[in-house]
1. For Cys38, what residues show an amide H to amide H distance below 5 Å, using hydrogens built from the backbone and excluding near sequence neighbours?
2. Name all residues of the stretch 1-22 having a backbone nitrogen under 15 Å from the label point set 7 Å from the Cα of Glu66 along its Cα→Cβ direction, giving them as ranges.
3. Using the Karplus curve 6.51 cos²θ - 1.76 cosθ + 1.60 with θ = phi - 60°, what ³J(HN,Hα) values do you get for each residue of the stretch 9-19, in whole Hz, with x for Gly and Pro?
4. Quick one: which residues, 5 or more positions from Tyr5 or on another chain, have an amide H under 5 Å from its amide H? H modelled 1.01 Å from N in the peptide plane, none for Pro or chain starts.
5. Have a look at the stretch 11-73 and give its Rg and Dmax from the Cα atoms, expressed in angstrom.
Amino acid sequence: MENSYDNNGFMIVRENYCCDHFEPDEGALVPMKECWCCKWARFDAEIHELNSKSVGICQYEGNRCEVVESSEVSL
Ligand code: SF4
């Protein structure tokens, strides 16, 4: 899957997406292994000017656009 990023370089994710950097959000009672329950995800759509509440951003630094692109170049 080709990743998409917002204007700040944060990866755009869907609720049910997941990656190897998943860490459960402290507020989740029974954390499912998906972005919706991950501490790095933000689903406050209005703030990030996304057009759906089921779409959010991942704030994990290693998933930011420039980090991912620089690691792909060095492969
Ligand atoms: S929010 Fe980010 S770090 Fe967490 S599972 Fe989703 S893509 Fe991975």
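Just so it is clear, none of the values below were taken in a lab; they were calculated from the coordinates. These numbers were taken from a predicted model, which means no experiment stands behind them. Cβ: placed from backbone, ideal geometry, glycine included. Neighbour counts: every protein chain shown.
1. For Cys38, whose amide H was placed from the backbone, the distant partners under 5 Å are Asp25.
2. Inside the label zone: 6-11.
3. Per-residue couplings from phi come out as x, 7, 5, 8, 10, 9, 3, 8, 6, 7, 9 Hz.
4. Those qualifying (amide H under 5 Å, at least 5 residues apart or on another chain) are Ile12.
5. That works out to 12.0, 39 Å for Rg and Dmax.
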